[in-house]
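Q: Take a look at this one; I'll ask things after.
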Amino acid sequence: MAGDKKRNKTIVFLHPDLGIGGAERLVVDAAVGLQKRGHKVVIFTSHCDPAHCFDEARDGTLDVRVRGNTVVPTTVLGRFAIVCAVLRQLHLVLQIALLTSELRDLSPDAFFVDQLSAGLPLLKALSRAPVFFYCHFPDLLLAQGRARVWKRLYRLPFDALEQWSMAYADAIAVNSSFTKSIVAATWPRLARHRTLHVRKKNIALALHAFALLPPSRRATAKLVLAGGYDPRVAENVAYHAELAHLAETTLGLRTATATATTLPAALAPGAHHNTDVLFLLSIPTLLKTMLLRSARLLVYTPRDEHFGIVPLEAMRQGVPVLAADSGGPRETVVDGVTGWLRDPAAPAAWSAVMDRVLNEMGEGELRAMGAAGVERVEARFAEGQMAARLEGILEAMESRRGGLLLLLLPLPAAAVVLLAVVLAVVHVLMPYVW
């Protein structure tokens with residue numbers, strides 16, 4: 001019947017910085033998946049560099065609009081990143097809702113917000129559309145430097161703001177059972193009153209494991225370290241230098257950093273023939289796909305990673321995965337079937353797997369393991385399945401519209417956070433008022 005036909009929605013995404021990290025890959029996949037199911041999708045972000053983003057964000061596949069980036073910088077002298085992030089998100093919401101007619105013209109049926117929840121109260125005040133919040137991991141657990149008293153005091157209002165503002169979401173999703181357990185332990189009252197929908201990288205470990213292989217056992221192999229290197233982030237620059245120093249000075253491995261953007265150029269026989277470890281910094285999607293298709297093994301080293309989309313990308317290409325036996329990989333990699341799970345504190349165990357893959361496993365055995373990985377991704381983690389689950393959550397949110405808001409903090413703490421939000425809004429509006 002015509003009345004039973006699914007109504008296509010307009011879904012507005014809000015994401016702080018649409019770069020090329022795992023969180024951004026998930027956001028892009030969710031947006032593309034919903035778009036393929038007939039929904040109109042618009043992504044608002046405070047930053048999107050065409051030279052440092054996924055193809056779908058720059059080739060016209062997705063409608064990406066950069067807003068809220070003209071008043072507040074990303075940091076002040078390299079500090080106050082969380083303050084700036086909150087103010088930039090508030091600026092974005094104000095710009096599309098009050099300073100322009102974009103939000104009114106779109107008339108969204110739902111919002112998809114991730115990473116930063118500070119703007120949710122303001123968003124709910126300016127729009128009646130339900131809000132879906134995707135929690136990759138509690139930000140308060142990611143903040144570094146808490147051993148210092150001043151840093152703990154500095155973070156207190158932002159930690160409170162994170163929990164309080166998340167309560168304004170109509171539904172909250174996490175990316176794995178591991179993250180769900182962390183969220184429930186961190187914010188027990190939030191977990192009780194909101195439905196949780198289940199759906200530093202330690203690269204030195206790969207270097208140590210590779211170096212443990214006798215030179216004769218790795219003579220025909222090359223360890224390629226590729227990822228989302230952003231030269232704007234001082235930590236990225238310092239970490240690359242640190243890893244190169246570790247490999248060359250401590251472990252005796254020969255390294256090179258390639259600037260080529262194609263696999264033939266990066267791995268040409270004469271280009272890095274005396275290299276054990278090749279650093280490929282920020283690589284385009286096509287090169288990443290070609291690298292995976294040419295690899296015998298994907299090594300994924302983060303400990304307690306909340307989800308980890310890289311193992312899925314490798315398994316989708318039929319590449320076995322060696323990952324840390326903790327966190328999200330326990331839910332994506334099946335030990336002995338699609339790859340291996342090993343203790344991240346035991347480099348020798350990782351080296352043994354590398355040795356087996358390089359020198360003992362035949363092509364038929366590798367292909368069988370790769371095929372099992374492809375089957376697992378298609379059965380449980382495909383883009384269409386994620387979009388279908390997300391669509392179901394959005395439908396459920398719409399059916400529950402008008403419910404009472406549950407404030408999860410005591411009134412004094414909530415008042416402090418509310419004051420911080422008001423002051424932030426005033427700060428953002430000052431250039432326009434004066």
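Q: Please go through the stretch 297-320 and give me each residue that is among the aliphatic types (A, V, I, L, M) and within 19 Å of the chain's Cα centre (by Cα), ordered by number.
A: As a first pass, look at the stretch 297-320 and keep what is among the aliphatic types (A, V, I, L, M): 297-299, 309-310, 312, 314-315, 319.
Scanning the stretch 297-320 gives Leu298, Val299, Ile309, Val310, Leu312, Ala314, Met315.
Q: Taking the options Val12, Val27, Val64, name whichever one is assigned by TED's automatic domain parsing to the domain that holds Gln115 and more than 19 Å from His91 (Cα to Cα).
A: Working: Val12 fails: more than 19 Å from His91 (Cα to Cα); Val64 fails: more than 19 Å from His91 (Cα to Cα).
When all the criteria are applied, what remains is Val27.
Q: Another one. Do you know which of the residues in the stretch 289-313 that are of a type in the set (D, E, K, R), touching a Gly at 6+ places or on another chain (Cβ under 9 Å) and modelled with pLDDT of 80 or more is nearest to Arg330 (Cα to Cα)? Outline the logic, then answer.
A: Taking the stretch 289-313 first, the residues of a type in the set (D, E, K, R) are 293, 296, 303-305, 313.
This time we only want the ones that are touching a Gly at 6+ places or on another chain (Cβ under 9 Å), so: 293, 303-305.
Among the residues that remain, those that are also modelled with pLDDT of 80 or more are: 293, 303.
On the way: Arg293: 23, Arg303: 11 Å.
Taking the candidates together, the pick is Arg303.
Rundown of residues vs (1) surrounded by fewer than 20 Cβ atoms within 10 Å (Cβ to Cβ); (2) hydroxyl-bearing (Ser, Thr, Tyr); (3) at pLDDT 80 or above, yes/no style:
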| position | (1), (2), (3) |
| --- | --- |
| Pro130 | no, no, yes |
| Tyr134 | no, yes, yes |
| Phe137 | no, no, no |
| Leu140 | yes, no, no |
| Arg146 | yes, no, no |
| Trp150 | yes, no, no |
| Leu161 | no, no, yes |
| Asp170 | no, no, yes |
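Q: Scanning the stretch 325-343 for residues that are buried (at least 20 other Cβ atoms within 10 Å of the Cβ) and over 27 Å from Glu363 (Cβ atoms), which turns out nearest to the chain's Cα centre (by Cα)?
A: Taking the candidates together, the pick is Gly328.
Q: Evaluate the following for Val83: is it more than 21 Å from the chain's Cα centre (by Cα), among the hydrophobic types (A, V, I, L, M, F, W, C) and farther than 21 Å from Ile309 by Cβ?
A: Details: more than 21 Å from the chain's Cα centre (by Cα): no; among the hydrophobic types (A, V, I, L, M, F, W, C): yes; farther than 21 Å from Ile309 by Cβ: yes.
In short, no.
Q: Hey, among Glu398, Glu331, Glu365, Glu313, which residue is in a helix (DSSP H, G or I) and over 27 Å from Leu34 (Cα atoms)?
A: Working: Glu398 fails: over 27 Å from Leu34 (Cα atoms); Glu331 fails: over 27 Å from Leu34 (Cα atoms); Glu313 fails: over 27 Å from Leu34 (Cα atoms).
Matching residue, one of Glu398, Glu331, Glu365, Glu313: Glu365.
Q: Okay, next question. Arg316 fails exactly one of the following numbered conditions: (1) under 12 Å from Leu297 (Cβ atoms); (2) at pLDDT below 95; (3) in contact with a helix residue (DSSP H, G or I) (Cβ under 6 Å, 6 or more places away or on another chain). What is the number of that condition?
A: Of everything listed in (1) under 12 Å from Leu297 (Cβ atoms); (2) at pLDDT below 95; (3) in contact with a helix residue (DSSP H, G or I) (Cβ under 6 Å, 6 or more places away or on another chain), Arg316 misses just condition (1).
Q: While we're on this one: Residues to consider are Gly392, Gly384; find the one that is modelled with pLDDT under 75, under 24 Å from the mean Cα position of the chain (by Cα) and not polar (S, T, N, Q). Step through it out loud before you land on a result.
A: Numbers: Gly392 fails: modelled with pLDDT under 75.
Every option except Gly384 fails the conditions.
Q: Let me ask another. Just to be sure I understand, how many residues within the stretch 215-236 are assigned to a loop (DSSP other than H, G, I, E, B) and either of a type in the set (Asp, Glu) or modelled with pLDDT of 95 or more (or both)? Step through it out loud before you land on a result.
A: Our first condition is that a residue be assigned to a loop (DSSP other than H, G, I, E, B); within the stretch 215-236, this holds for 218-222, 228-233.
From the residues that got through so far, the ones that are either of a type in the set (Asp, Glu) or modelled with pLDDT of 95 or more (or both) too are 230.
Adding up the residues that qualify gives 1.
Q: Separate question: Could you please tell me which pairs satisfy a Cβ distance under 8 Å, a separation of 6+ or placement on different chains, a first residue in the stretch 294-310 that is in the same structural domain as Val333 (by TED's automatic domain parsing) and buried (at least 17 other Cβ atoms within 10 Å of the Cβ), and a second residue that is among the basic types (Lys, Arg) and modelled with pLDDT of 85 or more?
A: That search, which allows pairs on different chains as well, returns Ile309/Arg25.
Q: So, in the stretch 63-97, exactly how many residues are crowded, with 21+ Cβ neighbours inside 10 Å and part of a strand (DSSP E or B)?
A: Residues meeting the conditions: 1.
Q: Right, Ala265: surrounded by fewer than 13 Cβ atoms within 10 Å (Cβ to Cβ) and either on the phi > 0 side of the Ramachandran plot or modelled with pLDDT under 85 (or both) or not? Give the derivation first.
A: Values: surrounded by fewer than 13 Cβ atoms within 10 Å (Cβ to Cβ): yes; either on the phi > 0 side of the Ramachandran plot or modelled with pLDDT under 85 (or both): yes.
Spelling it out, Ala265 is indeed surrounded by fewer than 13 Cβ atoms within 10 Å (Cβ to Cβ) and either on the phi > 0 side of the Ramachandran plot or modelled with pLDDT under 85 (or both).
The values are calculated or read from the model by the stated rules, or taken from the named source; none is laboratory data. If you're wondering where the values come from, they're calculated on a predicted model, not measured in any experiment. Cβ: placed from backbone, ideal geometry, glycine included. Neighbour counts: every protein chain shown.
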